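The structure appears below as structure tokens.
The values are calculated or read from the model by the stated rules, or taken from the named source; none is laboratory data. Quick caveat: nothing in here was measured; it's all calculated off a predicted structure. Here the Cβ positions follow ideal geometry from the backbone for every residue, glycine too, while neighbour counts run over all protein chains shown.
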Amino acid sequence: MSLKEAKEVIRIEAEAIKSLASRINSKFEKAVELISKCKGRVIVAGMGKTGIIGRKIAATLSSTGTPSIWMHCAEAFHGDLGQVTRNDILIIISYSGETDETKKLLPLMRKIGSKIIAITGNPKSTLAKFSDIDLDVSVKKEGCPLELAPMASTTATLAMGDALAACLIVKKGFRREDFAFYHPGGSLGRMLLLKVEDIMRKGVRFATIEEDAPVKKVLLAITKARCGSACVLNKRGKFVGIFTDGDLRRQLETDNHLLDRKVKDVMTKNPTTISKDRLAQEALRLLQEKKIDELPVVDNKGKLVGLLDVQDLLKAGLV
């Protein structure tokens, strides 16, 4: 094996993508405009390896706010044509623009009434001439040592699809929050959708104690709840402080009678809190900034409703 061939393929493909920049012209603008006004779906169709690229383009469009599906040109003649309506836009990918299945599909699309955008390496092809808009992804060289397998052309096609998706994101005002909504199972979805109240400890899962209770009783409450702190309440049930494992370790060094002290005398008063409606990502940032491990959670009236531990964020996949 020679590294020379590997580097040459990468160089050829990089050049193929770079050359696309000069072809981002009025046709491309019209394609973006047409797709942005689509009342139906974008249907991406193709054959072979360019078809595989088409699947990725359809997936990218769908996940960024442009409803899209993939259709195999051959399968279109065996029932899949029923997916297409006159409100849809068909993006047909064919490097030669002369693939038999593709050419046979064109008059059927005209009969249905769908607009056609061609992505092809042959601007003079049947596909290009038949389409409403043709986008040129021609390359000087494929990169395949045999000059047979599509390499640079499929890379260029993928880049053209990404360019369309990127422009549509901006034109439609698609936001990070919208992306997260379509990706609730991913890390970005968790970051932008998961709220503190979704993962905070409630009820018996966090410890609360009255302010006049001795520290040794506080420790029993912490152990029972299996957390690293206890939230302290006054006689009226108002949240007034927190006592943590860190408070215990620091004060044991200097106070031999700590376990008999009232917790209100040794607790951390007016601790940092977070609203249950805030994003869990914000809680993580606050814990990191304050260099603490627990955050008491309050409602919009300041009432204690839960506790968020750094371990909860770990379990949620945010750390």
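A few points about this structure:
- Condition met for D132 (closer than 18 Å to E33 by Cβ and either surrounded by fewer than 20 Cβ atoms within 10 Å (Cβ to Cβ) or out of contact with any Ser or Thr (no Cβ under 9 Å at 6 or more places or on another chain) (or both)): yes
- For the stretch 247-256, the criterion of a residue being touching a strand residue (DSSP E or B) at 6+ places or on another chain (Cβ under 7 Å) and assigned to a strand (DSSP E or B) is satisfied by no position.
- Every residue from the stretch 149-179 that is outside any helix (DSSP H, G or I) and buried (at least 22 other Cβ atoms within 10 Å of the Cβ): none
- Of the residues in the stretch 23-35, none is buried (at least 16 other Cβ atoms within 10 Å of the Cβ), at pLDDT below 95, in contact with a helix residue (DSSP H, G or I) (Cβ under 8 Å, 6 or more places away or on another chain) and not β-branched (V, I, T).
- Tabulated pairs, the stretch 1-30, first of a type outside the set (D, E, K, R), second at pLDDT 90 or above and loosely packed, with under 12 Cβ neighbours inside 10 Å, C-beta under 9 angstrom, 6+ apart or interchain: I12/K140; A16/K140; S19/K140
- Scoring S275 on the criteria (1) within 28 Å of the chain's Cα centre (by Cα); (2) closer than 17 Å to F239 by Cβ; (3) crowded, with 18+ Cβ neighbours inside 10 Å leaves a single failure, condition (3).
- Residues of the stretch 219-237 classified as assigned to a loop (DSSP other than H, G, I, E, B) and under 40 Å from the mean Cα position of the chain (by Cα), total: 3
- Top-ranked residue of the stretch 90-103 - restricted to ones that are of a type in the set (D, E, K, R) and in contact with a helix residue (DSSP H, G or I) (Cβ under 7 Å, 6 or more places away or on another chain), ranked as farthest from T50 (Cα to Cα): K103
Yes or no, residue by residue, for (1) under 27 Å from K216 (Cβ atoms); (2) assigned by TED's automatic domain parsing to the domain that holds I209; (3) among the hydrophobic types (A, V, I, L, M, F, W, C):
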position: V263; (1), (2), (3): yes, yes, yes
position: S275; (1), (2), (3): no, yes, no
position: D293; (1), (2), (3): yes, yes, no
position: L307; (1), (2), (3): yes, yes, yes
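- Residue match in the stretch 93-100 (condition: within 29 Å of the chain's Cα centre (by Cα) and among the hydroxyl-bearing types (S, T, Y)): no
- The listed residues are G65, G40, G79, and the only one of them that is surrounded by 17 or more Cβ atoms within 10 Å (Cβ to Cβ) and among the small types (G, A, S) turns out to be G65.
- The stretch 111-129, subset under 22 Å from S19 (Cα atoms) and under 33 Å from the mean Cα position of the chain (by Cα), residue surrounded by the most Cβ atoms within 10 Å (Cβ to Cβ): I119
- So K7, is it farther than 16 Å from I89 by Cβ and at pLDDT 95 or above: no
- Sole exception among (1) assigned to a loop (DSSP other than H, G, I, E, B); (2) touching a residue at least 60 places away in the same chain (Cβ under 8 Å) for N300, by number: (2)
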